[in-house]
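Scroll down for the structure; my scribbles are underneath it.
The values are calculated or read from the model by the stated rules, or taken from the named source; none is laboratory data. For clarity, every value in this text was computed on a predicted model and none was experimentally measured. Cβ sites come from the backbone with ideal geometry, for glycine too, and all protein chains shown count toward neighbours. These accessible areas exclude ligands, DNA and RNA; they are computed on the full protein's heavy atoms, side chains included. Shrake-Rupley method; radii C 1.70, N 1.55, O 1.52, S 1.80 Å.
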Amino acid sequence: MSFRAISLVKIHKTVLRLHNINRVLTKTITTSACCKIKEEVAKLLALKAQLAPEDAAPQKFILKTPKGTRDYTPQQMTIRNEVLQKIITVFKRHGAECIDTPVFELKEVLTGKYGEDSKLIYDLKDQGGEILSLRYDLTVPLARYLAMSKINTLKRYHIAKVYRRDNPAMTRGRYREFYQCDFDIAGQYDPMVPDAECLRVVSEILDTLDIGRYVLKVNHRRLLDGMFEACGVPADNFRATCSTVDKLDKLSWDEVRTEMINEKGVTPEAADKIGEYVRLNGGTELVDKLLKDEKLSKTKAAVEGLDGIKLLLHYCELFGIKDKILFDLSLARGLDYYTGVIYEAVLTQPIKVGNEDQTVGSIAGGGRYDNLVGMFDSKKKQVPCVGVSVGVERVFSVLEARAAAGALRVRTSDVDVYVASAQKNFLDERMKICAELWSAGIKTEQSYKKNPKMLNQLQHCEEAGIPLCVVLGEDELRRGVVKVRDVGARREQDVPRDKLVDELTARIANLNTQLDGNK
């Protein structure tokens, strides 16, 4: 609604209220007061007339989706559903259970959990006394759920939409409304065992989706805190400095250094020392080198973080994914609730969008957050947690780009059999066969026209990728048979009417076996 229209509505309501007040109070207040009310009403009516002349044309309405959101075609939804099903299969392989939480939470549940990103939370208008916000992620709602339900151990997955008032970049899979796929392990366990399994889960998902080469970057919040301490950053400035380091995947070091000094109050000397560390990455050999570092070796937090990373790399080797892990000191993840290991999956090759190569970047991320549940518990009881979130929108953008380039064939319907007729007046017989096939669990459809053209029916089968077509005709009906057509090979075979379900079931099973063999 335009500003002009909103103003008119407000003025109209105010005029009505003043009229009502005038009627009620006329008998009880002075004449001068009544005159005053009438004067105010007259002024508002005059203003209303100026804003909207009687013959004014209606404002043009622009039909579009809100900024940072989109509609999805059947082809895109098919890609999405297949991706989500593959991800769920991996989650279940690791024993995760599914939960769901409300799309909005009490604002105070979300406040103070996301650092600088808190400004991206969507706040809702007062709805009858509750101040609400749309969920920013699925992690904080999980922590609230655990605290409220008094749950101490849980391995859960959750796939749902979240909302952020971010600057969208649609071709790179960055939206204001988007899906997250979360896998989390809550409970008191030995160090780095569940953390390593989360990395294994991400690796399995990315291998299954086959969207390109990737690397799993890891770091540790305790190491970052120790690094900031060793470089001379005050303890109360660790989180703000960390949020700036987190921008190194988008900004150059010079830009990050400038922000540290000018906006976060870090001294130039401290910033330069941080710069020496955040350029480092490697594996176990780097951990050993940093454990001997003159400054870090004297900082308790840094040593704890390095010991944790060394143990994590050992477990990743046992899980068979060490070759995909990169220990990277520039990885910071700006969310305030992380307390231990943090990680991020990054695609290392660009994707083709039209004629341009575009970098997708981070495609999954997560870490350990041991203190978040305690924030919601009345007795501050902690439930240690670690988890990972897969940014499926970016996965979708890669696969949709492939589909647009013709490198990915997508079937939007699962129908296996189309029931067609070669002559007129076969609608009743087609409907009987459809009912019989549906009752047998066979995915079937037909034309909704009473007398469709045969060519149009076969063309629909080819365009929709329907592999089998049952063709009815007068001669076949007299002989007690139907024709079963292999749409791709364009071959037909007579099948006894009473054997149709068995024949189609066998053919569909054979097609599915061939399809599984080609995957």
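Some observations on this one:
- Residue check: residue 387 meets all listed conditions (1) outside any loop (DSSP other than H, G, I, E, B); (2) more than 15 Å from residue 154 (Cα to Cα) but one, namely (2).
- Any hit, the range 261-269, residues being closer than 25 Å to residue 303 by Cα, buried (at least 19 other Cβ atoms within 10 Å of the Cβ), charged (D, E, K, R) and at pLDDT 90 or above: no
- Tally of residues being part of a loop (DSSP other than H, G, I, E, B) and open to solvent by less than 80 Å² (accessible area, probe 1.4 Å) across the range 98-127: 11
- Residues of the range 441-473 classified as touching a strand residue (DSSP E or B) at 6+ places or on another chain (Cβ under 9 Å) and of a type outside the set (A, V, I, L, M, F, W, C), total: 11
- Leading residue by the ranking (nearest to residue 185 (Cα to Cα)) among those in the range 360-380 that are touching a residue at least 40 places away in the same chain (Cβ under 8 Å) and assigned to a loop (DSSP other than H, G, I, E, B): 369
- Selected residue (only one of 428, 416 is open to solvent by 80 Å² or more (accessible area, probe 1.4 Å) and at pLDDT 95 or above): 428
- Of all residues in the range 240-258, those satisfying the criterion of being open to solvent by 20 Å² or more (accessible area, probe 1.4 Å) and of a type outside the set (Gly, Ala, Ser) are 246, 247, 248, 249, 250, 251, 253, 254, 255, 257, 258.
- The listed residue being open to solvent by 20 Å² or more (accessible area, probe 1.4 Å), within 28 Å of the chain's Cα centre (by Cα) and at pLDDT 90 or above, out of 346, 390, 341, 410: 346
- Answer residue from the range 303-338, given it is acidic (Asp, Glu) and within 17 Å of residue 370 (Cα to Cα) and is surrounded by the fewest Cβ atoms within 10 Å (Cβ to Cβ) among those: 304
- Entirely in the range 128-239, the helices (runs of 4 or more DSSP H) that have 3 or more residues that are more than 23 Å from residue 346 (Cα to Cα) and open to solvent by less than 10 Å² (accessible area, probe 1.4 Å): 139-149, 221-230
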